[in-house]
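Okay, so here's the structure we're looking at.
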Amino acid sequence: MGMGTKFAAVVVLAAAVVRPLHADDTPSDRLVAASRLQETGNYREAIALLEEIRQIDPRNPQVLYGLALSLYSVGDYREAAHVGETLLAEEKNAPADLYVIVGSAYGRLDSYEKSEEVFRNGLAAWPESPALRIQHAISLEGLGRMDEAVVELEGCLKRSPYEASLWRALGDAQSATGAPGRAFAAYVRSLTLETDDERSKEVAADLWQVLFKGAAGASASDASEKAEIKGLALLAALRRDRSWAQASDAGFFAYALDTSLRLVSALHGRDTSDMFWGPFVLDYFDEVRAAGHMEALAYAVRRATGDPDVTRWCAQNPTKVEAFKTWSERWAVHRSEVAQRSPNAY
């Protein structure tokens, strides 16, 4: 797994505008025109116009920023990194977005050490930047420092707990660390929030894979990981048992989802000291179950696969589907409770 593949969905770039780097830098009419080209996705035309301006004003920070962004957007990562890093070297107060562009460009070039260095420098200047923290997690993943990537992603999710792409990224990272149960829970949470059909299909495939093949990590490093691996292995074996042989994949998945989430909740939920998995993840699933929506959750998650049995069940149970959807959209992390348990939780 590498940056730009499984984690591509969480790449967060600056808004497609040519922004001034100083409050008193008013953009020219031509820079405004380049900004409008970027806003409409015409990055190659923007590059051509910005290069014309650059011939006249080669050190203009607005021009260099716009070029770095546009070059990244058309896939010219090497030149985007070069232009952006030139500007970072010259600007003492470069915006966080510029570090994101440069670090992400190095990541796309598989220069993970350089990418991590850029993000680390960016975080020194902008420690509260969500985009930088997300990209830093991705650079750590590229370096194989999965445990650190998980910690960074958990921090991002404490700040933005309703971002589907972040949950997917966490699922990928947890799978890589050898924690299939937590990977499964993260993928499920991603699917409850994802609105894009293609991304939902990809996450659903990852979910099915981790359920039956376990985590990508070679071995468990602690007792909870061993318990997760053993629990999901037993579920996978149960699918082949005679008692489930005649059941549809959809029917078995509904059982496996609830069973897997109960296992993860027992290991990492409300009764543990974990200040992420309990309040930010497993409380959601425990409350889904208490509200009577677990079956609908299972079918809603499985729907992304295009399974005809799921389509049929949803068509036959529209009230259950809508009730779960409405409940899920209204659910929120109990932040006041988190704050009471740990003032520094997020």
* Looking at the stretch 113-237 from every direction and averaging, what is the projected area of its Cα convex hull in nm²? -> 7.9
* Rounded to the nearest 500, what is the chain's calculated 222 nm mean residue ellipticity when only DSSP H runs of at least 4 contribute -39500 (n - 2.57) each, over all residues? -> -21500 deg cm²/dmol
* Asked: Rounded to the nearest 20 Debye, what is the dipole magnitude of the chain about its Cα centre when Lys and Arg each give +1 and Asp and Glu each give -1 at the C-beta?
  -> 1000
* Structure fact -> For the chain, the percent of accessible surface on carbon and sulfur atoms (probe 1.4 angstrom, ligands and nucleic acids excluded) is 48
* Structure fact -> Cα pairs beyond 18 Å in the stretch 77-166, in percent, come to 40
* Structure fact -> Connecting every pair of Cα atoms under 10 Å apart in the chain and solving the GNM, the largest mean-square fluctuation among Glu152, Glu163, Glu91 falls on Glu91
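Going by average Cβ neighbours within 10 Å, how do the peptides 257-270, 48-61 rank, with the highest at the top?
Result, highest mean first: 257-270, 48-61.
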* Structure fact -> Taking only the alpha carbons of the stretch 164-244, the radius of gyration and the largest Cα-Cα distance, Dmax, both in angstrom, are 12.8, 38
* Relative to the longest principal Cα axis of the chain, at what angle does helix 146-159 sit, 0 to 90 degrees, rounded to 10? -> 90
* Structure fact -> Of the candidates Ala176, Val32, Val310, the farthest towards the positive dipole end of the chain (Lys/Arg Cβ +1, Asp/Glu Cβ -1, centred on the Cα centre) is Val310
* Probe 1.4 Å, protein heavy atoms only - accessible area per residue of the chain in square angstrom -> 46
* Structure fact -> Burial-style ranking of 180-193, 296-309, 135-148, average other-beta-carbon count within 10 Å with highest first, yields 180-193, 135-148, 296-309
* Structure fact -> Most packed first (mean Cβ within 10 Å per residue), the peptides 322-329, 227-234 order as 227-234, 322-329
* Against the globular-protein guess of 2.2 N^0.38 Å, express the Cα radius of gyration of the stretch 197-324 as a ratio, rounded to two decimals. => 1.10
* Asked: Once the Cα atoms of helix 43-56 and of the chain are each reduced to a long axis, what angle between those two axes, in degrees from 0 to 90 to the nearest 10, is obtained?
  -> 30
* Structure fact -> In degrees, nearest 10, the alpha-carbon axis of helix 77-90 is tilted away from the dominant principal axis of the alpha carbons of the chain by 60
* Quotient of C-alpha Rg and 2.2 N^0.38 Å, computed over the chain -> 1.12
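The values are calculated or read from the model by the stated rules, or taken from the named source; none is laboratory data. From a predicted model like this one, the values you see are computed outputs, not experimental measurements. For neighbour counting, all protein chains shown are included, and Cβ atoms are generated from backbone atoms with ideal geometry for every residue, glycine included. Accessible surface is based on the protein model in full, side chains and every heavy atom, while ligands, DNA and RNA are left aside. Shrake-Rupley method; radii C 1.70, N 1.55, O 1.52, S 1.80 Å.
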